[in-house]
Amino acid sequence: MAQKPSIPKGTRDFTPSEVVKRNYIFDSIKKNFQTFGFQPIETPSFENSDTLMGKYGDEGDRLIFKILNSGDYLNKVDDVTYAAKNSNAITSKISEKALRYDLTVPFARYVVMHQNEIDFPFKRYQIQPVWRADRPQKGRFREFYQCDADVVGSDSLLQEVEFVQLYDAVFSDLKLDGVTIKMNNRKILAGIAEVIGAKDNLIDFTVALDKLDKIGEEGVKKEMLEKGISEASIEKASPLFSLKGTNLEQLDALELLLATSEEGAKGVQELRFIMETISELGLQTATLAIDVTLARGLNYYTGAIFEVGAPEGVKMGSIGGGGRYDDLTGIFGLKDVSGVGISFGLDRIYLVLEELNLFPEAIDQSLQVLCVNFGDQEALTALKLVTKLRKQGVKADVYPNSAKMQKQMKYANNRNVPFVILIGDEELANNSFVVKNMKEGSQETYSLDKVEEFIKKL
């Protein structure tokens, strides 16, 4: 008996309906990327391991899918290393490549390799799949698409302002009103760590803080303690968990808290500029809010941090995020190139649009017209008609077999076809065709010589 086929956990097959809906989101994002002046690039699905490893922190490194070397990959492992059964020691000897974890680090590698061909500031967008060895759950997959836009070669805060506008434009275009664009600044987090006496534990501090919405205040404090951050430092950081008020009021409170930290004060100043500029420009449907607990847990952010939350009432993790990474290309040897970028979480955006019933009603309409097949001569005439319709951009088809009428009409219903064309003996004799409106149940006859009259009504 043949084995029942399956796919790996955290991956999915997509039906025609799902692909059409995903493309609807892709098209909206791509259109706005281009409107804002971004150019497309693509990078390989896998990179050299040393390109990726060490760029995402310890947690990120554990989620990178490694690719086994070709051939007898164990041949280079000595007996002592093999006997120790230390996976980290063995991995470097049996795996030299890995599937990309995100699009930002490969982009930084691309910039370094193509720096002589690029006009700076370089605005690029990239829409490709990434892979993470994460635990699958609702809205979290092991294979998923990222839709990124980045600017490198400019340290102007106008880029951050533009990305807030870009988020607002895309979600407004998708009719996804009420999203919240949360912002913070890694300089503020570094300043907080400094003033509470946890400067040497910055990464541990920010990784724990970033989990506030998942494990709560007590969970965050517990993790900080486990990472070696003192109770006194944690107590000094407590006001962060309950910071309230308008964006400007929160900025004023942070300014006081970080008065003794030069770096922290600079972060507040940067965030204030973005908030005040957006306040002047206005947003269509999104809300911009400060969230001082936002850390995103990634080592390469150095300035602004973005995260987009779904509308209130929708239980979903972030549907977008990003930030500034002043030193990312420096890892690959290109110094003093500032960058900032954002990402759209396609799969989560899809789930939110589905939950809120925001996909256009006719989006599943992959076929506008189906011609019923009554026999060879009728089918040939129908095919000539379909050829004319297709030349005018109408999605049309002829049923391939002269099956029973009931079967053909059921097919039309299943395909959500709005118009069915009938060409039988009588129509052949009269050089005409009958159009059945599947929604209204009405019928209308047209001349085969005047197909444009029918096209006008589509």
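Observations, loosely collected:
- Only Cα pairs under 8 Å and 6+ residues apart enter the sum, and on that basis the relative contact order of the range 300-426 stands at 20 percent.
- Accessible surface for the chain, divided over its residues, is 52 Å² per residue with a 1.4 Å probe.
- Three principal axis extents describe the C-alpha atoms of the range 100-144; from largest down they are 42, 15, 12 Å.
- Each DSSP beta bridge with both residues in the range 367-457 is either parallel or antiparallel, and the antiparallel ones are about 60%.
- Rounded tilt (10° steps) of 158-173 against the dominant C-alpha axis of the chain: 30
- Annotated for the range 267-409: lysine pairs at least 8 residues apart or interchain, Cα distance under 25 Å, count 5.
- Computed from phi, the 3J(HN,Hα) profile of the range 279-292 under the Karplus parametrisation 6.51, -1.76, 1.60 (θ = phi - 60°) reads 4, 5, 7, x, 10, 6, 9, 8, 10, 9, 9, 7, 9, 6 Hz, with x in place of Gly and Pro.
- For the range 307-439, Kirkwood radius (reciprocal of mean inverse C-alpha pair distance, Å): 19.2
- Taking the chain and dividing mean pair separation by its residue count, relative contact order in percent (alpha carbons under 8 Å, at least six apart): 15
- Inverting the pair-averaged 1/r between distinct Cα atoms of the chain gives 25.9 Å as its Kirkwood hydrodynamic radius.
- Helix-only CD estimate at 222 nm, as mean residue ellipticity for the chain, using -39500 (n - 2.57) per DSSP H run (n ≥ 4): -12500 deg cm²/dmol
- Segment residue 7-residue 175, length gained on full extension (0.36 nm per residue, minus Cα span): 57.1 nm
- Checking the cross-link pairs 31/97; 55/236; 85/227; 187/227; 31/175; 9/97 against a 25 Å limit on the alpha carbon distance flags 31/97; 55/236; 85/227 as lying beyond it.
The values are calculated or read from the model by the stated rules, or taken from the named source; none is laboratory data. Since the model is a prediction, treat every value here as computed from it, not as a measurement. What goes into the accessible areas is simple: the full protein's heavy atoms, side chains included, and nothing from ligands, DNA or RNA. Shrake-Rupley method; radii C 1.70, N 1.55, O 1.52, S 1.80 Å.
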